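> Have a look at this one.
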Amino acid sequence: MAESGQPLVVVADVEKHYGDFHALKDVNLTVNKGEVVVVIGPSGSGKSTLCRTINRLETITSGTIAIDGEPLPAEGKALANLRAEVGMVFQSFNLFAHKTILENVTLGPIKVKKMSKADAEREAHTLLKRVGVDQQANKLPAQLSGGQQQRVAIARALAMNPKVMLFDEPTSALDPEMINEVLDVMVELAESGMTMIVVTHEMGFARKAANRVVFMADGRILEEATPEEFFTNPQTDRAKDFLSKLLTH
Ligand SMILES: Nc1ncnc2c1ncn2[C@@H]1O[C@H](COP(=O)(O)OP(=O)(O)O)[C@@H](O)[C@H]1O
Ligand SMILES: [Mg+2]
């Protein structure tokens, strides 16, 4: 297991094609244990593709991706284990609609980690308390607000005890008044030492929690800097243009 500050996610020379479309171009990114990296960039720049390749929801055309020193497995049991090590929270909440909140959080630990129901439920309640939705444990997802559902999605991912958490625009489908309750949970998670890769345009979160900002455009990483450097002094015209549009929303 990597020590704090050592490379945990290493993306090297990655190319990804969807048929003729070149979605990731020579992507190199190292995320150290305990680090929080915010990925930012225009729509279609490859941010989701990058997350999906790290979680092995998409294959890569060439290059390597390693998590904690282990190259991503192609399939089978090793892949299932890898998925357990990489927690993912998507824009849409993706909870199982016909299962209670508690069942949503205990399902993975019981099925994949072979945890006993009692242990899984105890841990689930702890996590649900941590994200502030334990009162809702016996409800169905549709009975919760979007912000509450997204916090459950975070608890569900954490229940697998992942080494790294990926967030793909976790607040962009939320009503504005619910954005902060989700970002607050993410900031708390960052402060707890979780390694995180977060696709978001929430600059407040980036400034508060990110060690680094990565700017992508057209499938490439164009800039990598501290939030302060990136937001106050972007280097490329693409980033300047992107930030000017973001600020004038
Ligand atoms: N499954 C797919 N098949 C073909 N093209 C795709 C697929 N997924 C994404 N793309 C294309 O790849 C590019 C990058 O998409 P994506 O990673 O979703 O960008 P972002 O998350 O930055 O908006 C887009 O042009 C998109 O249309
Ligand atoms: Mg996306």
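The values are calculated or read from the model by the stated rules, or taken from the named source; none is laboratory data. Everything numeric in this text was worked out from a predicted model, so none of it was measured. Every residue, glycine among them, receives a Cβ derived from its backbone with ideal geometry; neighbour counts consider all protein chains shown.
> Report whether or not residue 152 is within 16 Å of ligand 1 (Cβ to nearest atom) and in contact with a helix residue (DSSP H, G or I) (Cβ under 6 Å, 6 or more places away or on another chain).
Considered against the rule, which asks whether it is within 16 Å of ligand 1 (Cβ to nearest atom) and in contact with a helix residue (DSSP H, G or I) (Cβ under 6 Å, 6 or more places away or on another chain), residue 152 comes out as no.
> Restricting region 161-179 to residues that are surrounded by fewer than 18 Cβ atoms within 10 Å (Cβ to Cβ) and more than 16 Å from ligand 1 (Cβ to nearest atom), which is nearest to the chain's Cα centre (by Cα)?
Only one residue fits best here, namely 161.
> I would also like to ask the following. Which condition number does residue 205 fail, the rest of (1) within 14 Å of residue 38 (Cβ to Cβ); (2) away from ligand 1 (no atom under 16 Å from the Cβ); (3) surrounded by fewer than 21 Cβ atoms within 10 Å (Cβ to Cβ) being met?
Exception for residue 205: condition (3).
> If you don't mind, there's one more thing I want to ask. Look through region 44-68, keep the residues that are of a type in the set (Ser, Thr, Tyr) and within 16 Å of ligand 2 (Cβ to nearest atom), and return whichever of them is farthest from residue 242 (Cα to Cα).
Per the stated criteria, the residue is 53.
> Suppose we filter region 41-64 for residues that are under 16 Å from the mean Cα position of the chain (by Cα) and outside any loop (DSSP other than H, G, I, E, B); how many remain?
Total meeting the criteria: 8.
Rundown of residues vs (1) closer than 26 Å to residue 4 by Cβ; (2) part of a helix (DSSP H, G or I); (3) of a type in the set (Lys, Arg), yes/no style:
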position	(1), (2), (3)
147	no, yes, no
156	yes, yes, yes
166	yes, no, no
172	no, no, no
182	yes, yes, no
186	yes, yes, no
207	yes, yes, yes
214	yes, no, no
223	yes, no, no
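> Going residue by residue through region 10-22, is there one that turns out to be hydroxyl-bearing (Ser, Thr, Tyr), within 16 Å of ligand 2 (Cβ to nearest atom) and more than 23 Å from residue 243 (Cα to Cα)?
Yes, region 10-22 contains a residue that is hydroxyl-bearing (Ser, Thr, Tyr), within 16 Å of ligand 2 (Cβ to nearest atom) and more than 23 Å from residue 243 (Cα to Cα).
> Tell me which residues, restricted to region 208-236, are within 24 Å of residue 165 (Cβ to Cβ), of a type in the set (S, T, N, Q) and either without any contact (Cβ under 8 Å) to a residue 40 or more places away in the chain or surrounded by fewer than 15 Cβ atoms within 10 Å (Cβ to Cβ) (or both).
Answer for region 208-236, where residues must be within 24 Å of residue 165 (Cβ to Cβ), of a type in the set (S, T, N, Q) and either without any contact (Cβ under 8 Å) to a residue 40 or more places away in the chain or surrounded by fewer than 15 Cβ atoms within 10 Å (Cβ to Cβ) (or both): just 226.
> Out of the residues in region 30-43 that are within 16 Å of ligand 2 (Cβ to nearest atom) and in contact (Cβ under 8 Å) with a residue 12 or more places away in the chain, which is farthest from residue 64 (Cα to Cα)?
42
> Filter region 65-100 down to residues that are of a type in the set (Ser, Thr, Tyr) and either within 19 Å of the chain's Cα centre (by Cα) or within 16 Å of ligand 1 (Cβ to nearest atom) (or both), then give me how many there are.
Of the residues in that region, 1 qualify.
> Let me ask another. Go through region 180-200 and count every residue that is over 18 Å from residue 34 (Cβ atoms) and buried (at least 21 other Cβ atoms within 10 Å of the Cβ).
4
> Still on this model: Inspect all residues belonging to region 14-32 and state whether any of them is assigned to a loop (DSSP other than H, G, I, E, B) and either surrounded by fewer than 17 Cβ atoms within 10 Å (Cβ to Cβ) or over 19 Å from the mean Cα position of the chain (by Cα) (or both).
yes
> Pick out the one residue from 212, 238, 151, 220 that is of a type in the set (Lys, Arg) and either modelled with pLDDT under 95 or under 30 Å from residue 116 (Cα atoms) (or both).
Exactly one of 212, 238, 151, 220 is of a type in the set (Lys, Arg) and either modelled with pLDDT under 95 or under 30 Å from residue 116 (Cα atoms) (or both), namely 151.
> Does region 122-132 contain any residue that is modelled with pLDDT of 95 or more, among the small types (Gly, Ala, Ser) and part of a helix (DSSP H, G or I)?
Scanning region 122-132, I find at least one residue that is modelled with pLDDT of 95 or more, among the small types (Gly, Ala, Ser) and part of a helix (DSSP H, G or I), so the answer is yes.
> Then there is this: From 232, 200, which residue is of a type in the set (S, T, N, Q) and either within 16 Å of ligand 2 (Cβ to nearest atom) or within 18 Å of residue 44 (Cα to Cα) (or both)?
Among 232, 200, only 200 is of a type in the set (S, T, N, Q) and either within 16 Å of ligand 2 (Cβ to nearest atom) or within 18 Å of residue 44 (Cα to Cα) (or both).
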